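What follows is a set of notes on a single structure, which appears directly below.
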Amino acid sequence: MKWMLRAVLAVAGIWALAWFFAAQYLKGAAEDWFAAQEAQGIVAEHGGLSVQGFATRLDLNVTAPHFAGTGWDWQAPFGQVLMMAWKPWHVLAVVPGGQKLTLGGQVLRLDTSKIEASLHMAPETGFPPREIRVEWPELTVSSDKGWTISTARVFGAAQATGDQALKLWLQADDLTLPAGSDLGGLGPKIAYLRFDARLPLAAPLAWEEEPVFEAYDLRTLDISWGSLEVEGSGMVTPDPMGQADGKIELRIKGWQALPDAAIGLGLIAPGMRGGLMGALEGMAQAGEDPAELVLPLVMKGGQMSLGPIPLGPAPYLP
């Protein structure tokens, strides 16, 4: 039995040595990454790096990470990048609350129990990305300008599919808007928001190349805000100028709130409320269900409109 004990000790010693070298490599790679950001003109600082998790994990701990660039600045108490030692293509990242984000001179504080992200890569040359998930439980964002927005949960995911496309999913629950955001009497709370889309790619995802999207196929858009319930789907493509071109069909319940919401957003003058309400009533009566209004969100020629309501310039697509 002594030979078995020797074999076990030898394997354990080899594994311990391998873990030590992997930990040193990970720490060095992290230092190089911070230096590379600095070389590109981005402030990338930290209060210390360490690797723990012997002998099955590689846990990179970053104390006081700080990144900044033109017009933005982000700081956090600490951050962690976690992976199993034998599966480096599956990475987890955790950042606590107490983060500070400065955008355009406005300081935002992000409070949450933690922000979790996971990255799955293919176990092949180059480790191409396959899926990323991010979750914020009970997130509150407070501004030094006096406003606050909060949500019970935000979840986002992006997944590469086998047919060379990117599938996107976004979900927000119990989103409480800043005070004064009561558009059209809808109230300050959005019960839920769901977004599901498929984006065909010009080439497979790779770290060294920016993704080029050929189209934006909106499979599902669900919003519940007060008396307003919206469901949408449609296809949008970039025009020669890069602006959205296409149509998304929206099915709207509680559509009677739309004129007041449009006034609150400054899209129409208060004197146009009666005419717009009459037009919407006529469209609803002409449909299959007067309680549900079907409106096209049209983006064409650089402009965007929701049925008879002009919304201004169409957005530019990445």
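The values are calculated or read from the model by the stated rules, or taken from the named source; none is laboratory data. Just so it is clear, the model here is predicted, and its values are computed rather than measured. A quick note on method: Cβ atoms are made from the backbone with ideal geometry, for glycine too, and the neighbour counts reach across all protein chains shown.
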- For the stretch 142-167, what are the residues that are in contact with a strand residue (DSSP E or B) (Cβ under 8 Å, 6 or more places away or on another chain), closer than 28 Å to LEU103 by Cα and outside any strand (DSSP E or B)? ASP144, LYS145
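Going through the stretch 176-217 one residue at a time, which ones are on the phi > 0 side of the Ramachandran plot and part of a loop (DSSP other than H, G, I, E, B)? Don't jump to the end; show me each part of the working.
Within the stretch 176-217, the subset on the phi > 0 side of the Ramachandran plot is 180, 184-185, 187.
Result: GLY180, GLY187.
Only one of these is over 22 Å from PHE213 (Cα atoms), surrounded by 15 or more Cβ atoms within 10 Å (Cβ to Cβ) and under 14 Å from the mean Cα position of the chain (by Cα): ALA158, ALA172. Name it.
Details: ALA158 fails: over 22 Å from PHE213 (Cα atoms).
Answer to the check: ALA172.
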- Query: Quick check: anything in the stretch 38-49 in contact with a Leu (Cβ under 8 Å, 6 or more places away or on another chain), part of a strand (DSSP E or B) and either under 26 Å from LEU110 (Cβ atoms) or not aromatic (Phe, Trp, Tyr) (or both)?
  - Reply: yes
- Item | Condition check for THR220: farther than 26 Å from ALA191 by Cβ and either in contact with a Phe, Trp or Tyr (Cβ under 8 Å, 6 or more places away or on another chain) or assigned to a helix (DSSP H, G or I) (or both) | no
- Are there any pairs, at least 6 apart or on different chains, whose C-beta atoms fall under 9 Å, with the first in the stretch 118-133 and on the phi > 0 side of the Ramachandran plot and the second crowded, with 16+ Cβ neighbours inside 10 Å and in a strand (DSSP E or B), and if so, which? PHE127/TRP89; PHE127/MET121
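Does the stretch 25-36 include one or more residues that are in contact with a helix residue (DSSP H, G or I) (Cβ under 6 Å, 6 or more places away or on another chain) and modelled with pLDDT of 90 or more?
No, that holds for no residue.
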- Query: Which one of these does GLY97 not meet: (1) closer than 25 Å to ARG153 by Cα; (2) without any contact (Cβ under 8 Å) to a residue 24 or more places away in the chain; (3) assigned to a strand (DSSP E or B)?
  - Reply: (3)
- Members of the stretch 66-75 that are at negative phi and touching a residue at least 24 places away in the same chain (Cβ under 8 Å): PHE67, ALA68, GLY69, TRP72, ASP73, TRP74, GLN75
- Query: For THR125, all conditions in the list (1) more than 30 Å from ALA18 (Cβ to Cβ); (2) at pLDDT below 90; (3) among the β-branched types (Val, Ile, Thr) hold save one; what is the number of the exception?
  - Reply: (1)
- Task: Might you check whether a residue that is modelled with pLDDT under 90, touching a helix residue (DSSP H, G or I) at 6+ places or on another chain (Cβ under 9 Å) and either among the acidic types (Asp, Glu) or in a loop (DSSP other than H, G, I, E, B) (or both) occurs anywhere in the stretch 243-257?
- Result: no
- Task: Kindly provide the set of residues from the stretch 239-261 that are within 20 Å of LYS300 (Cβ to Cβ) and buried (at least 18 other Cβ atoms within 10 Å of the Cβ), ordered by number.
- Result: GLN243, ALA244, ASP245, GLY246, ILE248, LEU250
- Message: Checking PRO123 against (1) assigned to a strand (DSSP E or B); (2) out of contact with any Ser or Thr (no Cβ under 6 Å at 6 or more places or on another chain): exactly one of these is not met. Which one?
- Response: (1)
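Test PRO296 against the stated conditions and say whether it is outside any strand (DSSP E or B) and touching a residue at least 24 places away in the same chain (Cβ under 8 Å). Give the steps one after another, and end with the answer.
Working: outside any strand (DSSP E or B): no; touching a residue at least 24 places away in the same chain (Cβ under 8 Å): yes.
Against the criterion (outside any strand (DSSP E or B) and touching a residue at least 24 places away in the same chain (Cβ under 8 Å)), PRO296 does not qualify.
A quick yes/no check of all residues on (1) surrounded by 15 or more Cβ atoms within 10 Å (Cβ to Cβ); (2) under 18 Å from the mean Cα position of the chain (by Cα):
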site: THR151; (1), (2): yes, yes
site: ALA179; (1), (2): no, no
site: ARG198; (1), (2): yes, yes
site: ALA202; (1), (2): no, no
site: GLU208; (1), (2): no, no
site: GLU214; (1), (2): no, no
site: GLY226; (1), (2): yes, no
- Within the stretch 285-301, the residues that are crowded, with 19+ Cβ neighbours inside 10 Å and within 21 Å of SER224 (Cβ to Cβ) are LEU293, LEU295, LEU297
